[in-house]
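Each remark here refers to the structure printed beneath this line.
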Amino acid sequence: QVQLVESGGGLVQAGGSLRLSCAASGRTFTMGWFRQAPGREREFVAAISQSGDSTWYVDSVKGRFTISRDNAKNTVYLQTNSLKPEDTAVYYCAANTVLRYSSAYASSWAYDYWGQGTQVTVSS
């Protein structure tokens, strides 16, 4: 029932910034961002609780990325600052609509809806 539409990816130089957006068509609990680089497994990046009061990040982006949400717009954002070439990947937003799994914020299986992905490329 929930559809996720991502936007905001692009090409940036190292040290630059992008703001990724993900608009959801329905109600969600925890929402998250994952990324997948060529030849690598999908990796947890960030997540945010339903209220927005709690956020979580993978260590490699902590202090550089910020996840937020606007529940009035049913939209989650990922502000990516100080981008590095190793951040290059397809970024996917994900939504959890099953409350009992909403605490498993870093696990792919906890999310039952996924966006189409948006490419982030960081050049040196």
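Other residues with beta-carbon under 12 Å from the beta-carbon of V12 carry, at +1 per Lys or Arg and -1 per Asp or Glu, a net charge of +1.
Protein heavy-atom surface of the chain, 1.4 angstrom probe: 46% of the accessible area is carbon and sulfur, with nucleic acids and ligands not counted.
Just checking the listed ones, G63, G16, G39: in the Gaussian network model of the chain with Cα springs under 10 Å, the one fluctuating most is G39. Taking every protein chain into account, the 1.4 Å probe leaves D70 with about 50 Å² of accessible area, to the nearest ten. Between the residues Y105, S7, F44, the greatest Cα displacement towards the positive end of the dipole of the chain, with unit charges on the Cβ of Lys, Arg, Asp and Glu, is found for S7. Each Cα pair under 8 Å and six or more residues apart adds its sequence gap; the mean of these over the residue count of the range 6-86 is a relative contact order of 35 percent.
Using +1 on the beta carbon of Lys and Arg, -1 on that of Asp and Glu, and nothing else charged, what's the dipole of the range 20-69 about the Cα centre, debye to 20? Don't skip to the answer; put the middle values down first.
Numbers: 7 positive and 4 negative charges, 23 e Å.
Here the range 20-69 has a charge dipole of around 120 debye.
Per residue, the range 1-113 exposes 52 Å² of accessible surface when a 1.4 Å probe is rolled over the protein heavy atoms with every protein chain present. Neighbours of S108, meaning other residues whose beta-carbon lies under 13 angstrom from its beta-carbon, give a summed charge of -1 when Lys and Arg score +1 and Asp and Glu score -1. Karplus-based coupling profile of the range 51-62, in residue order and whole Hz: 7, x, 6, 10, 9, 9, 9, 6, 4, 5, 10, 4, with θ = phi - 60° in 6.51 cos²θ - 1.76 cosθ + 1.60 and x standing for Gly or Pro.
Counting only protein heavy atoms and using a 1.4 Å probe, the accessible area of T121 comes to about 40 Å².
What is the magnitude of the charge dipole of the chain about its Cα centre, with +1 placed on the Cβ of each Lys and Arg, -1 on the Cβ of each Asp and Glu, and no other charges, expressed in debye to the nearest 20?
Values: 11 positive and 9 negative charges, 24 e Å.
In debye, rounded to 20, the chain gives about 120.
Using a probe of 1.4 Å, the accessible surface attributed to V122 totals some 10 Å² when neighbouring protein chains are kept in position. May I ask for the distance between the Cα centers of the range 88-120 and the range 1-16, given as a whole number of Å? Cα centroid of the range 88-120 versus Cα centroid of the range 1-16: 14 Å apart.
The values are calculated or read from the model by the stated rules, or taken from the named source; none is laboratory data. Because the structure is a prediction, the values reported are computed rather than measured. Every residue, glycine among them, receives a Cβ derived from its backbone with ideal geometry; neighbour counts consider all protein chains shown. We work out accessible area using only protein heavy atoms, side chains counted, and drop any ligands, DNA or RNA first. Shrake-Rupley method; radii C 1.70, N 1.55, O 1.52, S 1.80 Å.
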